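Asker: The following block contains the structure, expressed as structure tokens.
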Amino acid sequence: MTPFPTNGAGNSVHRLTLAGHGLSVDLLTRGSILHALRLDGLERNLTLSSDDLADYDGAMKYFGAVIGPVANRLAGARATIDGAEYRFSANHHRAVLHSGRHGTQFRIWDVIEESAEAATLAVDLPDGMDGFPGNRRITARWSLQAPATLRLELTATTDEPTLMNPVNHSYWNLTGRPDITGHRLRVAAEHWLPTDSESLPTGEIAPTAGGEMDFRAPRDLTPGAPPLDHNFCLSLEDTPLREVMELAGGGVTMRVATTAPGLQIYDGRDSDAAGLAPYAGLAVEAQRWPDAPHHPAFPSFRITPEATFRQVTEWRFARDEPLD
């Protein structure tokens, strides 16, 4: 563990480096950020990041972070939990996005365990922070496994019923090009969630077959065609770990496996605000479906003191022949 520049509030941030099984990874204690991932024999960082912590207070505030307690959007910045209504501070039109001002992406996480190939970080959230009930602890265990696999195990506990939907929000660019041109995407989803003008799910669970969101067979990515900021529906509940997505480009293939029932794919259209090109990377977030408290047909992300939240995601990398 080595010091990283302090953040704007004067808090010390550290970098943790893991290496083994064909990968090297840098993590930051700020936000449990995945700061760098390199495949042996390949110089470039495959995930978008910054060495200036000020960027993580601004336009890059979600890049690489573990976002919680509730990632994505809650309509009306409110939710009902066991008959009681809770209100949050709206920060995206009339909704709350990524938990508000004090989400886990802004916190300094404690290092619970660190070795050459694994690290466990944890953060405590007090009852009432940003309006969410319960004293909660979220733990992220990062580990490297063969062959060339990064594994993230997210767990969370609470002392009263609450909402829990933490995600990793890394942006991926496998080619080293300025934008996502040159990538090919496959998503094993039969359905997806259409959204309204505020990027909130309409409630419709639409089939992917034959439409612009049909990525069941690999397709070349073209920035903005189609616009991507949607949940792909993998299942109606958590499942055993299974591969659900493949991204290829620049001679690298990344396969994503998760236990989660949903996968948010975002095309990074606003990454120019961070001094990058528009569409500089593809955000991939294994998650429960967004805005579930307002849609009874969606998988719930309510948890209780008796039911620990647990989610596993793996990023599996391989070298292949460069794509034309």
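Asker: Using only alpha carbon pairs under 8 Å that are at least six residues apart, calculate the relative contact order of the chain and give it in whole percent.
Answerer: Relative CO of the chain lands at 17 percent.
Asker: Answer rounded, prolate or oblate for segment 17-74, using the Cα gyration tensor with square roots of eigenvalues a ≥ b ≥ c: rounded when a/c is under 1.5, else prolate when a/b is larger than b/c, else oblate.
Answerer: It comes out prolate by the Cα gyration axes.
Asker: Test of understanding: express the Cα radius of gyration of segment 2-319 as a ratio to 2.2 N^0.38 Å, with N the residue count.
Answerer: Against the compact-globule rule of thumb, the ratio is 0.93.
Asker: For segment 92-172, what does the relative contact order come out to in percent, with C-alpha contacts under 8 Å and a separation of six or more?
Answerer: 20
Asker: Another one. What is the projected area of the convex hull of the Cα atoms of segment 86-145, averaged over all directions, in nm²?
Answerer: The number I arrive at for segment 86-145 is 5.1 nm².
Asker: May I ask which residue of Asn91, Thr80, Leu37 lies farthest towards the positive end of the charge dipole of segment 2-319, with charges of +1 (Lys, Arg) and -1 (Asp, Glu) on Cβ and the Cα centre as origin?
Answerer: Towards the positive end, the residue furthest out is Leu37.
Asker: Mind checking the dipole of the chain: about its Cα centre, +1 per Lys or Arg Cβ, -1 per Asp or Glu Cβ, Debye to the nearest 20?
Answerer: Rounded to the nearest 20 debye, it is 120 debye.
Asker: In Å, what Kirkwood hydrodynamic radius results for segment 196-274 from the alpha-carbon pair distances?
Answerer: The Cα-based Kirkwood calculation yields 14.4 Å.
Asker: Roughly what % of Cα-Cα distances in segment 1-113 sit above 18 Å, to the whole percent?
Answerer: 56
Asker: Between Ala188 and Thr17, what length in nm is gained on full extension when 0.36 nm per residue of separation is reduced by their alpha carbon distance?
Answerer: 58.4 nm
Asker: For segment 177-322, how big is Rg over Rh, using alpha carbon atoms and the Kirkwood form of Rh?
Answerer: Checking Rg against Rh, the ratio lands at 0.98.
None of the figures in this text is laboratory data; all of them are computed from the coordinates on show. Note that this is a predicted model, so its numbers are computed, not measured. Quick reminder, even Gly has a Cβ in these numbers, built from the backbone with ideal geometry, and neighbours come from all protein chains shown.
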